[in-house]
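Every read-out reported here was derived from the displayed coordinates using simple, explicitly stated rules and does not represent laboratory data. Note that the structure is predicted; figures quoted are calculated from it, not measured. Methodologically, a virtual Cβ is constructed for each residue, glycine included, from the backbone with ideal geometry; neighbour enumeration extends over all protein chains shown.
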């Protein structure tokens with residue numbers, strides 16, 4: 001049903017936290033596959049992928065090109081882009097399955113982002129407050145994940161391989177009218 005694409009930078013701990021939150025989705029059949037797209041050359045993420053049963057894709061190049069390559073390699077009709085270190089809240093699987101069903105039954109293409117939640121263990125800085133205001137004014141940020149049908153992703157042109165802020169540009173191309181804020185939260189470190 002769903003392919004999850006996680007770009008990594010060769011660091012194990014954030015990836016493991018994100019993968020742990022995906023286990024309920026794999027158990028219920030919502031998550032068909034997870035692709036770890038690593039731009040590092042340490043072999044650490046390849047071992048994590050092997051142990052966790054994920055697909056591994058090594059990619060030399062820009063982050064946007066890595067995301068596009070992951071989407072191209074994905075096998076499912078639905079794509080979910082998550083940043084390493086983000087953790088999905090309990091109950092995300094039910095809401096995701098319902099969202100996919102509703103959008104599939106509808107004639108209007110839509111994409112979903114998760115509700116942002118800051119880690120309760122992190123210190124709240126001025127930067128965090130400014131980012132919260134930015135989310136209200138500009139809309140969702142890339143760290144909120146993205147749930148989108150593959151055909152809709154391809155019609156929009158996906159992640160522009162050479163763009164500096166390809167994730168943000170893709171969210172802007174989606175526009176507020178076709179972007180749904182899901183109730184499930186995504187916690188960022």
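Counting pairwise Cα distances across the stretch 2-188, what percent come out greater than 22 angstrom?
44 percent
Determine the percent antiparallel among the DSSP beta bridges restricted to the chain, to the nearest 5.
If I count the DSSP bridges inside the chain, around 25 percent turn out antiparallel.
Tell me the mean residue ellipticity at 222 nm calculated for the chain from its helices only (DSSP H runs of n ≥ 4, each -39500 (n - 2.57), averaged over every residue, nearest 500).
That calculation yields -13000 deg cm²/dmol at 222 nm.
Suppose the chain between residue 33 and residue 94 were pulled fully straight at 0.36 nm per residue; how much longer would it get relative to their current alpha carbon spacing?
Fully extending the segment from residue 33 to residue 94 adds 20.2 nm.
When 116, 153 are ordered from fewest to most other Cβ atoms inside 10 Å of their Cβ, what list results?
So the residues, fewest neighbours to most, are 116, 153.
Taking neighbour Cβ counts within 10 Å as the exposure measure, how do 156, 170 sort from fewest upward?
156, 170
Let me check against my output: what whole-number percent is the relative contact order of the chain, with C-alpha pairs under 8 Å and at least 6 apart?
28 percent
When a footprinting reagent is the concern and you count Cβ atoms within 10 Å, what order do 114, 99 take, fewest first?
Starting with the residue having the fewest Cβ neighbours, the order is 99, 114.
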